[in-house]
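Below is one structure, written out as structure tokens; comments come after it.
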Amino acid sequence: MDIRHTIPLAADYLALRLKTHMGIKDAEKAETAFKNSLFIVSLWEEATMIGFGRIVGDGGITYIISDIMVDPEFQHMGYGKIIMHEIDTYLTQHTDEYAYVCLIAKKPADKLYEQFGFQYVSPRSCGMKRQQIK
């Protein structure tokens, strides 16, 4: 397994999204997203991307962890933890105690994120997502 911090090809990212049921995205928009990411980590088995995660944000106050995914054939093998360790290392090196670091977790992945210091925000706050209109 190889850990990379470079921008992957959009085709590799899109293929992993399909395998992990994360949904379809436009390749051109994915490339734009990668260029605007603060940090990217991907896991590879030979020429196949098997895991991915990234951080987006303003680089000063707000950091959002996004697109955490592991190929179903490689789940429950510690790869999600490797991705989060790489992200956690970046955050430790580039943020201070006042940074706002957040993510939206799909269950049961919330148990993984708890290992890296993430806590539920309820009842004081709640996560929300804008419903896009087509």
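Where a number appears in this text, it was derived from the coordinates with a stated rule and is not lab data. Note that the structure is a prediction, hence the values are computed from the model and not measured. All Cβ positions, glycine included, derive from the backbone under ideal geometry; neighbour counts span all protein chains shown.
Data for the structure
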read-out	value
Karplus-derived HN-Hα couplings along the stretch 100-106 (A = 6.51, B = -1.76, C = 1.60, θ = phi - 60°), whole Hz, x at Gly and Pro	9, 10, 9, 7, 10, 9, 8
Distant-in-sequence amide H partners of I68 (H built 1.01 Å from N, under 5 Å)	R54
Shape category assigned to the chain from the gyration tensor of Cα positions, a/c cut at 1.5	rounded
³J(HN,Hα) computed for each position of the stretch 75-88 - Karplus, 6.51 cos²θ - 1.76 cosθ + 1.60, integer Hz, glycine/proline x	6, 6, 10, x, 6, x, 5, 4, 4, 5, 5, 4, 5, 4
Candidates A47, A33, A105, ranked by Gaussian network fluctuation over the chain, Cα under 10 Å, top entry	A47
The stretch 60-134: chymotrypsin sites (Phe, Trp or Tyr not before Pro) falling in loop per DSSP and having at most 14 other Cβ within 10 Å	Y98, Y120
Choice from R17, R124, R54 with maximal GNM fluctuation in the chain (Cα, 10 Å cutoff)	R124
Under 5 Å, built H, 5+ apart or other chain: amide partners of T62	Y100
Loop sites in the stretch 28-134: GluC sites (Glu not before Pro), DSSP, at most 11 other Cβ within 10 Å	E46, E97
Residue-span extension gain [Q75 to I7] - 0.36 nm each, minus C-alpha spacing	22.2 nm
In order through the stretch 115-129: 3J(HN,Hα) via Karplus (6.51 cos²θ - 1.76 cosθ + 1.60), integer Hz, x for Gly, Pro	5, 10, x, 7, 10, 5, 8, 6, x, 5, 9, 8, x, 9, 9
Nearest-ten-degree value, helix 10-19 long axis tilted from longest Cα axis of the chain	80
